[in-house]
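Please read the structure below before turning to the comments.
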Amino acid sequence: NPRFAAIAGRTKEEMTTIDWMSITHPDDVQEDLDNMALLNAGEIPGFNMEKRYRRPDGSYVWINLTVAPMTVEDKSHPRHLAMIEDITHRKQTEEDLQKSKWELQQYAVALESSNQALEESSRVAQSATRAKSEFLANMSHEIRTPMTAILGYTDLLLTEEGIEKAPPH
């Protein structure tokens, strides 16, 4: 099949000599073998799976594989109809989406942490403002009390000495 050969990155001639399991990604081999065993035993009517084929350049192509049995006279040599669709672009898009989702989650965690830090900074600033206000109120009181006494004594001294006070401004 020219299209399958193109998906696998090989020529039609190469495809006639290649065992499909030899180009299947190692992580996908067992599931593929299990599905074929169930299919050949008549336990399932067919199967569909996503798997990877290794190309000659070492890259992998994702495919969607659908396999169904074919009726043949010689039951000792079962035949299958396989439909293969290149889904590499879709898988890459899914991977990019997952990566973006993870990055957004990390951003949300960082944003939450920043918000907590800002809230804590705001609480500290408000506490410092209250402390400053209390300090100024106390200092104002502490300064006014002696100043009132000094002014009072000055007024008393000036009155006793007979010095006329200057009119208040």
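Starting from the 7 Å offset along Cα-to-Cβ, what nm value, one decimal, do you get for the label separation of THR159 and GLU103?
According to this spin-label approximation, the distance is 8.2 nm.
Just how far, in whole angstrom, is segment 47-94 from segment 109-159 if you go by their alpha carbon centroids?
78 Å
With every protein chain present, what accessible area does ASP34 have (1.4 Å probe, heavy atoms only), rounded to the nearest 10 Å²?
Taking all protein chains as shown, ASP34 has close to 80 Å².
Under a Cβ-Cβ cut-off of 14 Å, what is the net charge of the residues other than ALA149 that fall near it, where Lys and Arg count +1 and Asp and Glu count -1?
Working: positive: ARG144; negative: GLU142, ASP155.
Once all neighbours under 14 Å are counted, the net charge is -1.
State the percentage of accessible surface on segment 10-139 attributable to carbon and sulfur atoms; use a 1.4 Å probe and exclude ligands, DNA and RNA. Intermediate results must be reported in sequence, preceding the final value.
On the way: 5310 of 9630 Å².
Carbon and sulfur: 55 percent of the exposed surface of segment 10-139.
Net charge within 14 Å of ASP96 by Cβ-Cβ distance, Lys/Arg positive one each and Asp/Glu negative one each, not counting ASP96 itself? Kindly include the intermediate steps, with their values, before the conclusion.
Values: positive: ARG90, LYS91, LYS99, LYS101; negative: GLU94, GLU95, GLU103.
In short, +1.
Under a GNM of the chain (C-alpha, springs under 10 Å), which listed residue has the highest mean-square fluctuation: THR71, THR24, THR11?
Result: THR71 has the largest fluctuation of those listed.
Cα axis of helix 88-160 to longest principal axis of the chain: angle in degrees, 0 to 90, nearest 10?
0 degrees
Given the rule -39500 (n - 2.57) for each run of at least 4 DSSP H residues, summed and divided by the residues of the chain, what is its mean residue ellipticity at 222 nm, to the nearest 500 deg cm²/dmol?
Value at 222 nm, helices only: -20500 deg cm²/dmol.
Averaged per residue, what accessible surface does the chain expose to a 1.4 Å probe, in Å²? Please list the in-between numbers first.
Numbers: 13080 Å² over 169 residues.
Roughly 77 Å² per residue, with all protein chains present.
Give me Rg/Rg_expected for segment 32-84, where Rg uses Cα atoms only and Rg_expected = 2.2 N^0.38 Å with N residues.
Working: Rg = 13.0 Å, N = 53, 2.2 N^0.38 = 9.9 Å.
Cα-based Rg divided by the globular estimate yields 1.31.
Could you work out how far helix 26-40 tilts from the main Cα principal axis of the chain, as a 0 to 90 degree angle to the nearest 10?
Helix 26-40 sits at roughly 50 degrees to that axis.
Return the ratio Rg/(2.2 N^0.38 Å) for the chain, where Rg is computed over Cα atoms only.
Details: Rg = 43.4 Å, N = 169, 2.2 N^0.38 = 15.5 Å.
Against the empirical 2.2 N^0.38 Å value, I get 2.81 for the chain.
The values are calculated or read from the model by the stated rules, or taken from the named source; none is laboratory data. Computed from a predicted model, the values in this text were never measured in an experiment. Note that each Cβ is placed from the backbone with ideal geometry, even for glycine, and that neighbours are counted across all protein chains shown. The accessibility values were calculated without ligands, DNA or RNA, using every heavy atom of the protein model including side chains. Shrake-Rupley method; radii C 1.70, N 1.55, O 1.52, S 1.80 Å.
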